[in-house]
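The values are calculated or read from the model by the stated rules, or taken from the named source; none is laboratory data. Since the structure is predicted, the reported quantities are computational estimates derived from the model, not experimental observations. Backbone-built Cβ (ideal geometry, glycine too); neighbour counts: all protein chains shown. Calculation scope for accessible area: heavy atoms of the full protein, side chains included, ligands and nucleic acids excluded. Shrake-Rupley method; radii C 1.70, N 1.55, O 1.52, S 1.80 Å.
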Amino acid sequence: MRLSYLPPLMVYLAAGISSLTGIVGTFYVKERLGLSAEFLAALGFWMALPWALKMPLGHLVDLMWRWKSVLVYLGAGLIATSLFIMIGLLGHDEVMREIAPLSQWYVLASLLSPVGYVLQDVVADAMTVEAVPRAEADGRLIDPETRKQMHITMQTLGRVAIIGGGILVALANVVLMKDVAALSETGKAAAYLFVYQLALVIPFVSVCGIWLASWLRWREIRRFTGQGLSQSEINTLLGVHVDAPPVNWWILGGGLVFTVVSLGVGLVQIPYAEESIFCLSMAIVLFLIRQLTAELDSDARNVLVGTAVLVFVFRAVPSPGAGSTWWMIDELGFDQQFMATLSLIGSVLTLAGMFIFRRFMAERSMAYVIGALTVAGTILSLPVISMYFGLHEWTAAHTGGVVDARFIAVIDTALESPLGQISMIPMLAWIANSAPEKLKATFFAVMASFTNLALSASQLATKYINQIFTVTREVKDTETGRILLAADYSELGALLITVTILGFVLPLLAVLLVRYTHLRSA
């Protein structure tokens with residue numbers, strides 16, 4: 001751990017503590033807004049889409065390297081605006097309703113937030129490259145093999161910062177959500193409001209990371225100046241881009257076209273809007289990957305593409321959607337505090353798992369890692385499916401109530417938690433170490449856009465599955481208490497089984513594709 005690693009870690013930490021509002025957001029939607037699981041899956045698609053903007057933003061960071069901090073300030077402003085909207089919905093809903101329906105305000109807040117995090121994340125990725133020093137304090141150059149290991153450490157610490165932020169907010173949620181389930185609707189609203197007010201610390205943390213980076217850079221310049229080095233020598237040691245890379249108009253133009261078309265399609269609300277935007281996004285990203293990989297030799301190109309394909313398919317598998325969470329809340333009795341406890345367990349064990357499996361990631365190919373994670377994830381999805389068919393009732397009856405639904409959920413969460421973050425670390429380290437020197441942020445952005453499009457594909461698939469298997473929770477009129485929509489979880493079992501099968505088959509097919517073609521994996 002070096003002090004220079006800290007600024008990007010603070011920006012990543014801000015992304016990690018963004019999950020502070022996750023649980024209250026889930027319960028707010030369930031209790032106050034009559035949004036269907038299908039609508040929420042479609043909203044998830046649009047929330048994931050801004051991450052494709054990392055393409056032009058990454059190149060923009062390379063072009064304006066000295067002024068990249070401006071994007072962090074802009075992102076912090078958007079995140080704060082999203083939080084203030086939710087604060088308004090919880091504390092001044094009558095005033096907000098006079099301007100627009102509450103559901104529209106919620107959609108706006110949901111869309112502003114990811115744009116802010118994208119702006120900050122693309123800068124943090126670039127800062128991870130800058131954070132790995134080229135020379136020691138005495139001016140001695142660090143050898144390439146040592147720097148390679150430092151890049152792996154930096155990328156691992158980046159995931160650690162995100163997960164560590166999740167641990168902090170999970171602890172906070174366990175305390176803040178205590179006995180909330182027993183409160184009146186007014187009391188719940190007040191508790192949820194406090195959480196969103198507390199979340200205003202998120203943009204402040206990321207901005208502090210930028211301030212620290214500026215101070216560290218000033219300190220390094222002062223130290224090397226005191227050693228009698230010239231400005232050009234200092235720039236070389238600090239990795240300062242004196243000459244900006246040539247403008248890639250394909251990336252900037254493609255990103256602009258993508259943004260304009262996405263906004264137009266979203267506002268006009270044409271049929272199959274999500275599908276159209278996804279296809280356009282994929283076409284643009286694939287074209288840009290082809291343009292960028294032209295700078296790599298054939299072996300490196302095959303490794304990069306093969307690794308990206310594996311990560312894409314692994315992340316693109318659908319999820320059950322909101323219906324699974326609603327069922328756990330309504331049928332299994334998982335309240336706010338218990339959901340926070342599960343989140344805490346998951347975050348802590350994910351962090352531990354990243355260190356436990358660090359050698360596993362370093363010594364095994366990405367194909368092996370993805371295959372192992374797929375098999376493990378499939379096995380660990382079986383307890384939830386079994387609980388839908390009554391496993392927890394049978395185990396509780398034969399263990400005196402010890403092994404009940406909550407016991408099974410805790411054990412399953414503990415075992416499954418480390419799997420999600422592991423797959424990304426080898427790819428990020430490979431990009432940091434192998435991408436062309438002046439195009440680090442661009443390579444990070446384009447490859448991250450490709451793998452993040454997998455999340456959009458996952459949301460689309462989740463929407464389709466929720467159209468086939470309809471799951472609804474009880475929706476009441478907040479003023480009269482009249483039931484507007486009855487709960488129906490009869491098709492959830494088939495949905496869970498379908499998702500599990502797809503999650504097993506698709507990644508393994510991708511592994512076979514890479515293994516038996518000219519592609520390779522990192």
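Among 40-46, 11-17, what's the highest-first ranking by average C-beta atoms within 10 angstrom per residue?
With the highest mean Cβ count within 10 Å placed first, the list reads 11-17, 40-46.
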Taking θ = phi - 60°, what integer Hz values does the Karplus form 6.51 cos²θ - 1.76 cosθ + 1.60 yield along the range 332-337, in sequence order, with x for Gly and Pro? 9, x, 7, 8, 4, 5
Per-residue counts of other Cβ atoms within 10 Å, averaged by peptide: what ranking do you get for 455-467, 88-100, highest first? 455-467, 88-100
Provide the per-residue ³J(HN,Hα) series for the range 109-114, in order, calculated from phi with Karplus coefficients 6.51, -1.76, 1.60 and θ = phi - 60°, each as a whole number of Hz, with x at glycine and proline positions. 4, 5, 8, 5, 4, x
Mind grabbing the accessible area of residue 474 for me, 1.4 Å probe, Å², rounded to tens? 70
Residues whose built amide H sits under 5 Å from the amide H of residue 476, excluding neighbours closer than 5 in sequence, are 484
Accessible heavy-atom area order of 1, 64, 47, 86, highest first, probe of 1.4 Å: 1, 47, 64, 86
Once all protein chains are kept in place, residue 501 shows an accessible area at probe 1.4 Å, nearest 10 Å², of 100
Ranked highest first by the average count of other Cβ atoms within 10 Å around their residues, in what order do 373-381, 156-164 fall? 156-164, 373-381
For a quick check: with amide H placed at 1.01 Å from N, whose amide H comes under 5 Å from residue 488's, ignoring anything fewer than 5 positions away on the same chain? 472, 473
Just the accessible area per residue of the range 1-130, please: how many Å² with a 1.4 Å probe? 35
List the pairs from 188/463; 188/476; 30/178 whose alpha-carbon separation is above 25 Å, in the order I gave them. 188/463
The range 7-136: radius of gyration over Cα atoms, expressed as a fraction of 2.2 N^0.38 Å: 1.22
How many percent of the accessible area of the range 1-116 is carbon or sulfur, using a 1.4 Å probe? 68
